[in-house]
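As structure tokens, the structure follows; a few thoughts come after it.
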Amino acid sequence: GNSVTQMEGPVTLSEEAFLTINCTYTATGYPSLFWYVQYPGEGLQLLLKATKADDKGSNKGFEATYRKETTSFHLEKGSVQVSDSAVYFCALIPQGGSEKLVFGKGTKLTVNP
Amino acid sequence: EAGVTQSPTHLIKTRGQQATLRCSPISGHTSVYWYQQALGLGLQFLLWYDEGEERNRGNFPPRFSGRQFPNYSSELNVNALELEDSALYLCASSSLTASYSNQPQHFGDGTRLSIL
């Protein structure tokens, strides 16, 4: 079946540190891949997406590249800020029109000043 | 542009009661999705409505049901509430066409349902 595995948290970093949150997936064909962010007390916000192999999604300094060969979509940011503290979810929509998002378990990031 | 709006923000019920949650999609979006975010269980897909029809359903019992209205807003109904139904229920919407699926889903802030 379709699944997403992302690194266990929580992750605690100092401001301006480099961030990587690993995400790998299992799916047939070419799913669409997403990163969502959830700030405390809020719903999910789309952070970035990629719909085909080698696509790079980017937004607000965050980047992730769709790697078909390693079935990965790792999230990176070169210099995190305190305001980046949130829970990050990697997700996919399987190819074929089911349209349901399959989520990883989420990674909680805390950035300290 | 207004985002996805959900009501109520919080809902407190007791076991055996029925709950109704409401969602208004982004203007122009015809697809509405419901997800459950329960503590320890992560985000689970519940239902997908498009153009008034139920298109897909997750692994939830029949007491979870819903509908989509002609204006594309949606209701999620949960009957015979159980303690484990306590969760944040998130609604999302997207704009799909027959030839352009897998579009990003845009989420509301959710309804927190607490069962006492």
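Points worth noting:
- Residue match in the range A:51-68 (condition: at pLDDT below 95, within 14 Å of B:PRO104 (Cβ to Cβ) and facing another protein chain (nearest Cβ under 9 Å)): yes
- Residue in the range B:45-65 that is nearest to A:GLY104 (Cα to Cα), counting only those that are of a type in the set (A, V, I, L, M, F, W, C) and touching a residue at least 24 places away in the same chain (Cβ under 8 Å): B:LEU46
- Within the range B:1-77, strands (runs of 3 or more DSSP E) holding 2 or more residues that are within 13 Å of the chain's Cα centre (by Cα): B:5-7, B:19-24, B:31-38, B:42-50, B:53-57, B:64-68
- Enumeration of residues in the range B:17-68 that are hydrophobic (A, V, I, L, M, F, W, C) and over 18 Å from B:HIS106 (Cβ atoms): B:ALA19, B:ALA38, B:LEU39, B:LEU41, B:PHE60, B:PHE64
- When we screen B:SER93, B:SER65, B:SER73, B:SER27 for residues that are closer than 18 Å to B:GLY3 by Cβ, more than 13 Å from chain A (Cβ to nearest Cβ) and buried (at least 16 other Cβ atoms within 10 Å of the Cβ), the only hit is B:SER73.
- Scan the range A:70-101 for residues that are assigned to a loop (DSSP other than H, G, I, E, B) and at pLDDT 95 or above and the total you get is 9.
- When the range A:84-113 is filtered for residues that are touching a residue at least 24 places away in the same chain (Cβ under 8 Å), out of contact with any Gly (no Cβ under 6 Å at 6 or more places or on another chain) and more than 20 Å from A:LYS68 (Cα to Cα), the ones remaining, listed by number, are A:ASP84, A:SER85, A:ALA86, A:TYR88, A:GLY106, A:LEU109, A:THR110, A:VAL111, A:ASN112, A:PRO113.
- Contact map, the range B:82-95: residues that are touching a residue at least 24 places away in the same chain (Cβ under 8 Å) paired with residues that are open to solvent by 10 Å² or more (accessible area, probe 1.4 Å) and among the basic types (Lys, Arg), Cβ distance under 7 Å, separation 6+ or inter-chain. Pairs shown: B:GLU82/B:ARG15; B:LEU83/B:ARG15; B:LEU88/B:ARG112.
The values are calculated or read from the model by the stated rules, or taken from the named source; none is laboratory data. These figures come from a predicted structure and were not determined experimentally. As a convention, Cβ positions derive from the backbone with ideal geometry for all residues, glycine included, and neighbour counts pool all protein chains shown. Ligands, DNA and RNA are stripped out before the accessible areas are found, and what is left, the full protein with its side chains, is counted by its heavy atoms. Shrake-Rupley method; radii C 1.70, N 1.55, O 1.52, S 1.80 Å.
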